[in-house]
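Comments concern the structure below.
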Amino acid sequence: MYLPERYEFFCPVKINSGKRALEQLPFELDALNARKPLVIAGNDAGEKGLVGVIIDAFKDSGLAIGIHDGVPSAPDLRLIRELFNIYRDRGHDALIAIGGGSAADTAKVLNIAVSGKPEDIEGCAGENLIKKPLKPLIIVPTTAGTGYEVSKYAFFAGRDYASHFLMPNLAVIDPRMTIPEDAVTTAAAALIALTHAAEAYTGAGKNPLADAYAYTAIQLIMENLVNVIGDQRDKNGRLSLANANALAGCAFSNVALGVAHKLGKVMGDLCGLPPGLCMGMLLPRVLEREMSEGGYHIADLLLPLAGFDTYASTAADMKARRAAEIIHDLLKDLSAANGGVISRIWKDIQVSEDTLQDIAQRAGVNEASFDIDGCAKILREAREGR
Amino acid sequence: MDMPAYYEFCCRVKIISGHDVLERIPATLAELTARRPMIVTDKGVVGAGLINVVVNAIGGRVDITAIADDVPPDSDLRIVNSLARLYREKGCDSLLAIGGGSVMDTAKGINIIVSEEADDLMRFSGANALKRALRPLIAIPTTAGTGSEVTLVAVIKDHEKHLKMAFVSNFLLPNACVVDSRMTLTLPPAATAATGMDALSHAVEAYTCLAKNPLSDAHALAATRLISDNLLKVTLNPGDKEGRLGMASAATLAGIAFGNSMVGMVHTLGHSVGSVCGVPHGACMAILLPYGLEYNMHKNGHLTAELLFPMAGAPVYAATPKEERAQAVIALIRRMNQELYEATGGRHARFFKEALDRDGREMVPKERLPDIAETALRDGSISYNPEDLDYDDFLMVMEAAWEGRPLDTGLIRKG
């Protein structure tokens, strides 16, 4: 078993998962020394009934909560100012974000402001520039959550943040919040998580603790994603995926960023595609390339992907190849399970040679086997479905 | 993989692990805005020269404000109180706990008193009685076994009132643990074997008992693998740095696993043998582990079977028919005990009849088995065991574990 010479791992996120998990919120806030949380949600959370569930969870608690459920998909600094004033004027002492995406990013960046002053959000943009713990932050993931929401990353108004202090104190994964979403959203979220977990398991910074989170995430995705895409009524499957996505976010926060992540993210941005679908289609190809360059942890990836029996019965020199095949197969099964919508997106991707070069450059991958030409080649192969 | 209807998982301890990580202590204290730590340790750690290793690694970059090295092998309320006084007198602002389970428990106890400005520790015993963060505590384990560097529990004994107080709270999790292979290099073979089997019992019970969850499972599997790969190696060759790091990581992983999924009858009986006869915890775990798996086989044999993969490796797993895997795991654990017995010149006991104290006296006289069974009935850990046990069941298991013979499957209750 691989053990680095030295490693560090930090995951401050407590996980409460399962039936009536939200009803634990008053108790958990008390443990965080907070009594008056401000709930932040996207502008579609209300109509999906998610805000109502949170309100119900506080019904018997005697606690007063504030709710802002108008976070748009691309919020700006004005929203932070507005929420900062609400937080301060109404005496809030903690933040709860429902779902991933912009609501979680808003809560994280707002947390920088309310833990200090609004101007801090400029000075703290970048890597590891937050120097002390922030106010209590709780994330309530939904099916669309990619795991970013529990990670150390935040993206807001053109700024990127990375700090362990941005990770929430608690993630509450409740089946009432992991509601059915459309197949593309569900698949894209899970494929981001799968990419993060697989690259944590095989890449730089790998360590036994991050491995445990990644291993669990990969297993849960492999056991549930195709089923859920085929039948969104699979409640247990959706809960399992939400767990997987959150755990992948924890692993991802403790390792270096991988190539499929970097390329997929830029490709999604430049081509207007869900980044998860980009990362997913790139992942097996990146692994194949790493394999041919001697990437030696890829064989181990077969274990969480396929389980003890398949791992044990696959010849040692075939394990890495088999791992990549299984991810290719997963992508095919996803397309099949959902009547071809996902595969049509993949098929319809029109990436010109110029854009492709642009992605390769902007992704900032700087590894021996992945120079700009190498990256462009992977992107070309993915585009052509090879 | 089964997703439990409800589970919680928490390990907010920053984990710093490797061959040369003690040097990270000053930076870690600084991150916690601590400047005046008190070192809590015991005479054994000092005698092994390990305090010097830590002090040298810190290299004058931190004002070590107090060093308390009189923690007894069994945590003691009086010592906790007196060390808390020392902490206050010297104006310390944080704790460095360097040692095994008792040192960690003691440091956690001191931390409750100095953080809560309490005089009566009892007021904070039980589950979730603590309501806020304590002073910074960094745990530096010198055994690879207890996992206390990542657990939320502390046990403090009041020897005057014959009371054992248990404290359970996420606030008892250390802020960081610094797990350095240098700290276990001098651990003698018998202690290495016993503490290593303690870690294995954490991993195995976490994986096979009732409160498991997918994330604790992954920690348990990794720990089991590392112990199977390294325990015999480091017992035979204590200076094996790689092996020591493997065991240290295993103990941390196993600690996280059982801290988040609880344990079962192996611990129930182990606590009881410890409290009735004073047998070291790790030795009890080593002896009892195969019996716990045998007893619960009809309930969790499918889970025990899966452990053959990390214990024996993929080829053996694949070559063993499915229905024989659980028995193979039990046989492997017994073989581990046998090999450790040989590697320690007979000091690693394989069954209770063999457990001897320092003067060579039998530690578990057969006539004490009923007391042990009686004590086990009052231990809370039994509620996470897959199959029930009453007094007769406990006694039946203890008799077999005393003799060193497998359980008579006909005598196991099947609820």
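With a simple spin-label model that places each label point 7 Å from the Cα along the Cα-to-Cβ direction, the separation between A:LYS377 and A:TYR296 comes to 2.3 nm.
Across peptide B:211-222, the average count of Cβ atoms from other chains found within 10 Å of a residue's Cβ is 6.
Return the tail of the calculated pair distribution for the range A:260-386, meaning the percent of Cα-Cα pairs more than 17 Å apart. Beyond 17 Å sits 58 percent of the P(r) for the range A:260-386.
Structure remark: mean-square fluctuation, Gaussian network model of chain A, C-alpha springs under 10 Å; the largest value among A:LEU287, A:LEU277, A:LEU129 belongs to A:LEU129. Averaging the Cα positions of each part gives two centres, and for the range A:45-93 and the range B:181-214 these lie 45 Å apart. With R₀ fixed at 25 Å, the C-beta to C-beta distance from A:LEU129 to A:ALA204 puts the FRET efficiency at about 0.70.
Kindly state, to the nearest 0.05, the FRET efficiency for B:ARG378 paired with B:LYS161, given R0 = 25 Å and r defined as their beta-carbon distance. It comes out at approximately 0.90.
Looking at B:THR146, B:GLY126, B:SER181, which one has the Cα that reaches farthest to the positive end of the dipole of the range B:117-186 (charges on Cβ: Lys, Arg +1; Asp, Glu -1)? After comparing all options, I get B:GLY126. Excluding same-chain neighbours fewer than eight residues apart, no lysines are reachable from B:LYS43 by a Cα-Cα span under 16 Å. Within the straight-line cut-off of under 17 Å between alpha carbons, the aspartates and glutamates reachable from B:LYS366 are B:GLU354, B:ASP357, B:GLU374, B:ASP392, B:ASP393, B:GLU399, B:GLU403, sequence neighbours fewer than 8 places apart in one chain being disregarded.
Give the longest segment of chain B that steers clear of GluC sites (Glu not before Pro) in DSSP loops with at most 15 neighbouring Cβ atoms within 10 Å, not counting the sites themselves. Mind showing how you got there, number by number?
Working: sites that count: B:GLU117, B:GLU160.
By the stated rule (loop sites, at most 15 other Cβ atoms within 10 Å), B:161-415.
In nm, what is the difference between 0.36 nm times the number of residues separating A:LYS117 and A:ASN85 and their Cα-Cα distance?
That works out to 10.4 nm of additional length.
What are the GluC sites (Glu not before Pro) within the range A:294-386 that DSSP puts in a loop, where the Cβ has at most 15 other Cβ atoms within 10 Å? Numbers along the way, then the final one.
Details: sites: A:GLU325, A:GLU353, A:GLU367, A:GLU381, A:GLU384; in loops: A:GLU384.
Loop-located and lightly packed - A:GLU384.
Roughly what % of DSSP beta bridges within chain B run antiparallel, to the nearest 5?
Numbers: 7 of 28 bridges.
Counting DSSP beta bridges with both partners in chain B, the antiparallel share is about 25 percent.
Which of the peptides B:279-285, B:32-38 is most tightly packed, and how do the rest follow, going by the mean number of other Cβ atoms within 10 Å of each residue? Please list the in-between numbers first.
Numbers: B:279-285: 25.3, B:32-38: 19.1.
Answer by packing, highest mean first, reads B:279-285, B:32-38.
Of the beta bridges DSSP finds with both residues in the range A:94-217, what % are antiparallel, to the nearest 5? That works out to approximately 35 percent antiparallel.
For the range A:61-129, run through the trypsin sites (Lys or Arg not before Pro) and keep only the ones in DSSP coil with at most 15 other Cβ atoms within 10 Å of their Cβ. Of the trypsin sites (Lys or Arg not before Pro), the ones in loops of the range A:61-129 whose Cβ has at most 15 other Cβ atoms within 10 Å are A:ARG90. Bridgeable aspartates and glutamates around B:LYS212 (alpha carbons under 12 Å apart, same-chain partners fewer than 8 residues away excluded): B:ASP2, B:GLU8. Each residue of the range A:278-293 was assigned a 3J(HN,Hα) from its phi angle through the Karplus expression (A = 6.51, B = -1.76, C = 1.60, θ = phi - 60°), giving 5, 4, x, 6, 7, 3, x, 6, 5, 4, 4, 5, 4, 4, 5, 9 Hz with x at Gly and Pro.
Shape class for the range B:154-296: rounded, because the ratio a/c of the largest to smallest gyration tensor axis (alpha-carbon atoms, square roots of eigenvalues) is under 1.5.
Using Cβ point charges alone (K and R +1, D and E -1), the dipole size of the range A:183-383 about the Cα centre works out to roughly 400 debye. Computed from point charges on the beta carbon alone (+1 for Lys and Arg, -1 for Asp and Glu), the dipole magnitude for the protein assembly as shown about its Cα centre is near 940 Debye.
Counting alpha carbon pairs within less than 8 Å and at least 6 residues apart, what relative contact order, in whole percent, applies to the range A:14-173? It rounds to 26 percent for the range A:14-173.
Within the range A:63-125, the GluC sites (Glu not before Pro) that combine a DSSP coil assignment with at most 12 other C-beta atoms in a 10 angstrom radius are A:GLU119.
Students often get this wrong, so check it: of A:LYS36/A:LYS132; B:LYS164/B:LYS353; A:LYS132/B:LYS164; A:LYS108/B:LYS131; A:LYS14/A:LYS131, which have C-alpha atoms separated by over 30 Å? Correct reply: A:LYS132/B:LYS164. In a fully extended conformation the segment linking A:ASP269 and A:ALA315 would gain 12.6 nm over its present Cα-Cα distance, using 0.36 nm per residue.
For an R0 of 56 angstrom, estimate the FRET efficiency from the Cβ-Cβ distance between B:ASP408 and B:LYS241 and round to the nearest 0.05.
Values: r = 44 Å, r/R0 = 0.79.
After rounding, the FRET efficiency stands at 0.80.
Tell me whether the range A:14-173 comes out rounded, prolate or oblate; compute the Cα gyration tensor, take square roots of the eigenvalues as a ≥ b ≥ c, and use a/c under 1.5 as the rounded threshold. In terms of gyration-tensor shape, rounded. Computed from label points 7 Å out along Cα-Cβ, the spacing between B:GLN338 and A:ASN43 is 7.2 nm. Report, to the nearest 10°, how far helix B:281-306 tilts away from the longest principal axis of the Cα atoms in chain B, using its own Cα long axis and a range of 0 to 90°. Long axis of B:281-306 versus the principal axis of chain B: about 50 degrees. In chain A, helices alone account for a calculated mean residue ellipticity at 222 nm of -17000 deg cm²/dmol, with every DSSP H run of four or more residues adding -39,500 (n - 2.57). Across the range A:56-66, coupling constants 3J(HN,Hα) worked out from phi with the 6.51/-1.76/1.60 Karplus curve, θ = phi - 60°, read 4, 5, 9, 3, 9, 8, x, 8, 9, 10, x Hz, and Gly and Pro carry x.
If you average the sequence gap of Cα pairs under 8 Å that are 6 or more apart and divide by the length of chain B, what percent do you get for the contact order? Before the final figure, lay out each step's value.
Details: 823 pairs, mean separation 59.9, N = 415.
Value for chain B: 14 percent.
With a Cα cut-off of under 19 Å and a minimum spacing of 8 residues unless on different chains, the lysine pairs in the range A:183-383 number 7.
Backbone geometry of the range B:328-337 corresponds, through the Karplus equation with coefficients 6.51, -1.76 and 1.60 at θ = phi - 60°, to 3J(HN,Hα) couplings of 5, 5, 4, 4, 5, 5, 5, 5, 4, 4 Hz, x marking Gly and Pro.
Average partner chain C-beta neighbours within 10 Å, per residue of A:13-20? Numbers along the way, then the final one.
Working: counts 4, 7, 8, 5, 10, 7, 3, 2.
The shielding value for this peptide is 6.
The helix-based estimate of mean residue ellipticity at 222 nm for chain B, built from -39,500 (n - 2.57) per DSSP H run of four or more residues and divided by its residue count, is -15500 deg cm²/dmol to the nearest 500.
Of A:GLY145, A:GLY126, A:GLY280, the residue with the greatest mean-square motion in the GNM of chain A, using alpha carbon springs below 10 Å, is A:GLY126.
None of the figures in this text is laboratory data; all of them are computed from the coordinates on show. Keep in mind the model is a prediction, meaning the values are calculated, not measured. Don't worry about glycine lacking a Cβ; one is built from the backbone with ideal geometry, like all the others, and counts go over all protein chains shown.
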